[in-house]
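Below is one structure, written out as structure tokens, with a few remarks after it.
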Amino acid sequence: MSKCLVTGSFDPITLGHQDIIEKALRAFDEVAVAVLVNPDRYPLFDAEQRVNMIQAVFGDRVNAFSFDGLAVDAAKAIGADFLVRGLRDTADLDYELEMADFNRAHGLETVFFLSDARLRHVSATKAREGLMSGADHSFIDEGVYALASAYLEEK
């Protein structure tokens with residue numbers, strides 16, 4: 001039985017993220033999604049909200065949780081065999097190859113999935129900008145939009 005971990009900030013989860021997770025679901029028996037908690041960043045949504053948005057999209061098809069350490073440690077903690085990362089362009093590739101070498105040195109292989117060509121322009125930054133302006137939520141799922149809007153009203 002193969003198990004993978006998909007990691008990211010998911011602030012919020014975008015259609016691009018969903019594309020990569022769907023590919024992982026087709027390739028692996030079990031998929032977990034870990035929300036990165038980076039103390040050097042100030043996300044729009046807290047970790048619990050980001051986990052909730054992932055669960056709103058995937059339900060029990062994935063195990064979503066947050067972590068505040070290294071991705072390799074999170075993967076080992078849940079018994080994942082692979083890390084999954086998405087690639088949009090060559091800039092992503094350069095960064096992700098460096099991270100894959102680090103992961104391999106710590107006993108974990110990285111599997112890359114290419115973003116769908118129609119979604120390569122999608123980013124969480126653009127999704128946040130659209131949410132904050134109220135003008136565009138085309139980069140996120142309708143269920144995510146509803147949750148994100150409710151979370152923003154609470155602020």
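Quick check for me: using +1 on Lys/Arg Cβ and -1 on Asp/Glu Cβ, what's the dipole size of region 3-154 about its Cα centre, in debye to the nearest 20?
Details: 14 positive and 26 negative charges, 54 e Å.
Using only the charged Cβ atoms, the result is roughly 260 debye.
At 7 Å along Cα-to-Cβ for each site, give me the label-to-label distance between Glu153 and Asp73 in nm.
Using points 7 Å along Cα→Cβ, the separation is 3.8 nm.
Sorted from fewest to most neighbouring beta carbons within 10 Å, what does the list Glu22, Glu153, Glu98 look like?
On the way: Glu22 16, Glu153 7, Glu98 10.
The fewest-first ordering by Cβ neighbours comes to Glu153, Glu98, Glu22.
Fewest first, what order do Lys23, Lys76 take by the number of other Cβ atoms within 10 Å? Please report the intermediate quantities before stating the final value.
Numbers: Lys23 19, Lys76 14.
Exposure proxy ranking, most exposed first: Lys76, Lys23.
Measure off 7 Å from each Cα along the Cα-to-Cβ vector at Lys126 and Tyr95, then give the distance between these two points in nanometres to one decimal.
Each label point is offset 7 Å from its Cα along the Cβ direction, giving 1.5 nm.
Read-outs throughout are calculated quantities, based only on the coordinates presented, and are distinct from any laboratory measurement. Just so we're clear, the structure is a prediction, and the values are computed from it rather than from any experiment. Neighbour counts are summed over all protein chains in view; Cβ atoms, including those assigned to glycine, are modelled from backbone coordinates with ideal geometry.
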